[in-house]
Structures are given as C-alpha cells and as structure tokens.
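Engineer: Quick one: the structure is below, and I'll ask about it shortly.
Only the coordinates and a few stated rules stand behind these numbers; no lab work does. Everything quoted here is computed from the prediction, not taken from an experiment. No Cβ is skipped: glycine too gets one built from the backbone with ideal geometry, and neighbour counts run over all protein chains shown.
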Amino acid sequence: MKRLAAFLLMLVLLTGCAPKQVSTTVFAMDTVMKLSVYGDEAVLDEAEALIHQLEAQVSVTREGSELYSLNHTGSGTVTGHAKELLDRALALCSRTDGALDISIYPVVRSWGFTTGEYRVPDEEALASLLSHVDYKKIDFDAGSGAVSLSPDMEIDLGSVTKGYLSSCLIALFRENGITSALVNLGGNVQALGTKPDGSLWQVAVQDPKNDSYLGVLSIADQAVITSGGYERYFEEDGKTYWHIIDPATGAPAQSGLISVTIVGTDGTTCDALSTALFVMGLENAADFWTASDDFEAIFVTEDNTVYITQGLQDSFTLSEDHSKMELQVITRD
C-alpha cells in the first residue's frame, strides 16, 4: 500500500509539472496569427511586442516605417530586424537568380493586389514599371544598414517577412525555456520541438483547388510554408489572375504549378522559396532542390498531380479524400 501511495504521489507530481498550453491570437500584417506555447504565458506578451515591432519597421503602407521612408525618399537606413531581413532577402533573391525579387512591389501594386482594387494594368504602363525591377540595383551596406534605391524603384519584404518572423518567435520561445510551441501566421506554420508527449506536430496542407486539405505533414522543429494561386486572385473576362508575379514578365506566374509548399528549419528560406519555386515551375524547381540541402518541397501541378521531394516520403500523407491523386517522388538519383 505504501508503494502504491508513493507511486500515485509521484504521478500527481509529474502531472503537475507538465507544461500547460497557453495561446494568443494577434492581428498584424493583415493576418490573423495564432501562437501556442507550452510554458509561461508571459512569453506571449514579448512575442506580441516583437510582431508589432517588426511590422512597424517594414510595413510598406505605414507612414513612419523604415521601409515606407526608404520607398518615398529613395535612400535611408534600416536597423535591427529590418536590416537583418533585408540582408536575408537580397541573399535569397540572388540564390534564386531573381525568381524572387523584392523590387517587384510597384508591379504587384499595379495589379491591385496591395489595395484590393484589382485590374489588368495597361501593357505600356506595366513595361515601364517592369524596367525598374532589379534587386541587383539595390545598394545596401549590411554593416551600417544604409540603403539606396535606383530612381523609381520601391521594395517590399512581404515575401519573406512572415517566415522571418516565425523563426524569430521560435528563437524567442527557446530563449525563454520553451521546448514545445507552434506558430501559425496565417498559414505560415513553424514548430518548436515536438508536442509535450513527444509526438510530432500534424500540419495540414491545403488543396489549392478547394477548401479541403490535400494531406498532412508530420514535423518537429520545422517550418511549413505554402504559396498558391488560391491565396489572392481575381477574375476578369473569364481569366484568373493571381498575386504571385513573375519578375521576368510582370504578370502572374504561369509555370504549370498551382501550389508550392516548402518544409525546412529556417522560416525565412521557406517563405522565399515557396514563392520563387512557384515562379520557376516544376522542372526548374526540382533542379533547384537537387542542388540544395536545406529544404524539402511539395508541388501541385495544374493537372492535379502531387510531387514530393524524397525527404518527405515518411512524413507526408495524402488525406483520405485525395488518396486517389497521383503522387510522385522527386529523387536525387
């Protein structure tokens, strides 16, 4: 009886020490963000402050932000997170050979994707805007944070900001002793560790053709970020135009892909590559993955075929409703 009592007491103590899940919802960057951690609730206040701090620095529409000032004067200085984010973004523009280009912002705006006033821009006006798109013409000193843009150029870091933010939040949680957390920034998901019971996090990947989910990824310590034409689009004269713009044409990317999901440990990289590989198309994206070692990917094509890179064979499962879809594995062989 004494041994049983001691065992029950130990069980109670262990249960009492188990971390409690606490969550918060934040609206920022035009996105509903949900943060869930197992640990001290106070860290969520720090997380929310970090979210608003970054938005205040890099918003392209908020007067007083460093990016707003830079775009309206053509030069300036970025600091802190904004400086690190710009440095990372330019490196990823270079790595993708311009499939990602942060100077595409005026072109995206001309289609109405930043304002909601959708329209097909005049070809002559579009060509003029496109002539100023070239990330290589951004003069940036990573040490001082000094930036100079070429005439009529504007930049936007939206293609990498949420991925960068998710990694910063995970780092903040880790610094505060959190070992289990999940961040969902409007579909940009990143996990810290596993669930407290040691099981993997289950992250749904949306079907780009409807509101159901395509499949489920089982992850730990990874980000899962998807770009798809379904996220923001409009229709005109029977044709669909989506927000993922090809920097080479200034028009919505027509690459044969309708969805790209990137899985990796770095949110910034995953965010950038989900857009860039969508622009590249399946063949070039597969070649890009073959030459890389820091991410895995899921591609959905217009003909409704799903391609996954070989590193996801044991972690991605099609949902029951999609079990009959063709699933092909891309290998390095």
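Engineer: Can you compute the modelled spin-label distance between residue 31 and residue 326, with each label point 7 Å from Cα toward Cβ, in nm?
Structural biologist: The two pseudo-label positions are separated by 3.3 nm.
Engineer: So, R0 is 25 Å and r is the distance between the beta-carbons of residue 20 and residue 210; what FRET efficiency does that work out to, to 0.05? The partial results should precede the final answer.
Structural biologist: Values: r = 36 Å, r/R0 = 1.45.
Rounded to the nearest 0.05, the efficiency is 0.10.
Engineer: Using the Cα atoms of region 208-272 to build a convex hull, what is its mean projected area in square nanometres?
Structural biologist: Details: hull surface 22.3 nm².
About 5.6 nm², averaged over all directions.
Engineer: Quick check for the chain: number of Lys pairs with alpha-carbon distance under 19 Å, counting only pairs 8 or more apart or on different chains?
Structural biologist: Final tally of qualifying lysine pairs is 9.
Engineer: With the Cα gyration tensor of region 219-333 giving a ≥ b ≥ c as the square roots of its eigenvalues, does the rule (a/c under 1.5 for rounded; else a/b larger than b/c for prolate; else oblate) give rounded, prolate or oblate?
Structural biologist: On the way: a/c = 1.74, a/b = 1.37, b/c = 1.27.
Prolate, since a/c reaches 1.5 and a/b exceeds b/c.
Engineer: What FRET efficiency comes out for the pair residue 313/residue 52, r = Cβ-Cβ distance, R0 = 41 Å, nearest 0.05?
Structural biologist: Working from the Cβ atoms, E equals 0.55.
Engineer: Something else: So in the chain, what percent of DSSP beta bridges are antiparallel if you round to the nearest 5? If you can, show how the numbers build up before the last one.
Structural biologist: Numbers: 54 of 58 bridges.
Counting only bridges with both partners in the chain, antiparallel ones make up about 95 percent.
Engineer: Oh, and also: Please check: in the Gaussian network model of the chain (C-alpha springs, under 10 Å), which one of 21, 57, 206 has the largest mean-square fluctuation.
Structural biologist: Per the Cα network of the chain with a 10 Å cutoff, 21 tops the list.
Engineer: Where the centroid of each part is defined by its Cα atoms, how far is region 247-282 from region 165-203 in Å?
Structural biologist: Using only Cα atoms to place each centre, the spacing works out to 23 Å.
Engineer: If you build the convex hull over the alpha carbons only and average its shadow over all orientations, what do you get for the chain? Give it in nm² to one decimal.
Structural biologist: Computing the convex hull of the Cα atoms and averaging its projections yields 20.5 nm².
Engineer: May I ask you to give the average projected area over all directions of the convex hull of the Cα atoms of region 158-283, in nm² rounded to one decimal? List each step's numbers first, then the result.
Structural biologist: Working: hull surface 33.9 nm².
Averaged projected area of region 158-283's Cα convex hull equals 8.5 nm².
Engineer: Let me ask something additional. What FRET efficiency comes out for the pair residue 199/residue 305, r = Cβ-Cβ distance, R0 = 30 Å, nearest 0.05?
Structural biologist: 0.45
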